[in-house]
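S.K.: Before anything else, here's the structure in question.
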Amino acid sequence: MTAFEPTEHARAAAGRAAVLADIARRRTLFATALDGRALLHLADLLDITALSLYEEEPTGPDGICDSARLALADAETTAIDAPDTGFPAGFGQYVTHAVDHRPLTTPAHPAPGGWSLADEDAQLAAALDALHSHLAAAATETVALALLEAAFALHAKRADLAQLACR
């Protein structure tokens, strides 16, 4: 057993990964079988990320250990392969933001057909940008986790809108 104690930032990142895993598990209740499997896989990878951040010393200058970095990369790949899960490409930024404080970005979506769909997507993207600002300035991690829940609700709406545009 090592005497490693995670930093406050690593604990915050682990908490965010755990919240995202919970979101993935909740979404399985309303998902197709294929998306449900992808969501469970995402949740498992996010659990590995959380555990690694909490129990392993950082191996890079960004303050993240290799096993967490790899599990998060695999989770992002799973999200890209299953866009109907509502997890956007590059969602790992929400976990790593607690450690590296890099600015959060709103992923671009293909422009939905029709004026009203494009307008709704632009409104959702603007709301995400506002949530990102609040998340970056959150006074406590409890507030950050609540904002993270809200951000992923908006990401799910954007994914639903993109799916609607494909019909």
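The values are calculated or read from the model by the stated rules, or taken from the named source; none is laboratory data. Just so it is clear, the structure is predicted and the values come from calculations on it, not from any experiment. All Cβ positions, even for glycine, are placed from backbone atoms using ideal geometry, and neighbour counts span all protein chains on display. Just so you know, the surface numbers come from the protein's heavy atoms only, side chains and all, with ligands and any DNA or RNA stripped out. Shrake-Rupley method; radii C 1.70, N 1.55, O 1.52, S 1.80 Å.
S.K.: Rounded to the nearest 10 Å², what accessible area does ASP47 have for a 1.4 Å probe in the complete protein model?
M.R.: Answer for ASP47: close to 60 Å² accessible.
S.K.: Here's another thing I want to ask about it. Work out the charge dipole of the chain with +1 on the Cβ of Lys and Arg and -1 on the Cβ of Asp and Glu about the Cα centre, then indicate which of TYR94, LEU154, LEU40 is farthest towards its positive end.
M.R.: Farthest along the dipole direction, towards plus: LEU154.
S.K.: For the chain, which whole-number percentage of the solvent-accessible area (1.4 Å probe, protein heavy atoms only) is attributable to carbon and sulfur atoms? Walk me through the intermediate numbers first.
M.R.: Working: 5340 of 8900 Å².
Answer for the chain: carbon and sulfur cover 60 percent of the accessible area.
S.K.: Output ³J(HN,Hα) for the stretch 147-154: one whole-Hz value per residue in order, computed from phi by the Karplus curve 6.51 cos²θ - 1.76 cosθ + 1.60 with θ = phi - 60°, and x for Gly and Pro.
M.R.: Calculated HN-Hα couplings, in order: 5, 5, 4, 5, 4, 6, 5, 5 Hz.
S.K.: Additional query: What whole-number value in Å² describes the accessible area per residue of the stretch 114-167 for a 1.4 Å probe?
M.R.: Details: 2960 Å² over 54 residues.
For the stretch 114-167, the per-residue accessible area is 55 Å².
S.K.: Let me see the P(r) profile for the chain: every Cα-Cα distance counted, bins of 5 Å, each bin given as a percent of all pairs.
M.R.: P(r) over the chain, rounded to whole percents: 1, 9, 18, 21, 19, 15, 9, 4, 2, 1, 0, 0.
S.K.: For n ≥ 4 DSSP H runs only, could you compute -39500 (n - 2.57) per run for the chain, divide by its residues and tell me the 222 nm figure to the nearest 500?
M.R.: Numbers: 6 runs with 114 residues, N = 167.
When only DSSP H runs of four or more count, the value is -23500 deg cm²/dmol.
S.K.: May I pose another question? Can you tell me which of 6-12, 91-97 comes out highest on packing, and rank the rest after it, using the mean Cβ neighbours within 10 Å? All intermediate terms of the calculation are to be shown ahead of the outcome.
M.R.: Numbers: 6-12: 17.4, 91-97: 22.4.
The peptides rank, most packed first, as 91-97, 6-12.
S.K.: Below 8 Å, C-alpha to C-alpha, sequence gap of six or more: please give me the relative contact order for the chain in percent. Walk me through the numbers on the way to the answer.
M.R.: On the way: 215 pairs, mean separation 38.8, N = 167.
Normalised by residue count, the contact order of the chain is 23 percent.
S.K.: Taking the chain as the reference, fit the longest principal axis to its C-alpha atoms, fit the long axis of helix 66-81 to the helix C-alpha atoms, and give the angle between the two in degrees, 0 to 90, nearest 10.
M.R.: 10
S.K.: Tell me which residues come under 5 Å, amide H to amide H, from ILE64 once H is placed; ignore anything under 5 positions away on its chain.
M.R.: The list, which skips near neighbours in sequence, is THR59.
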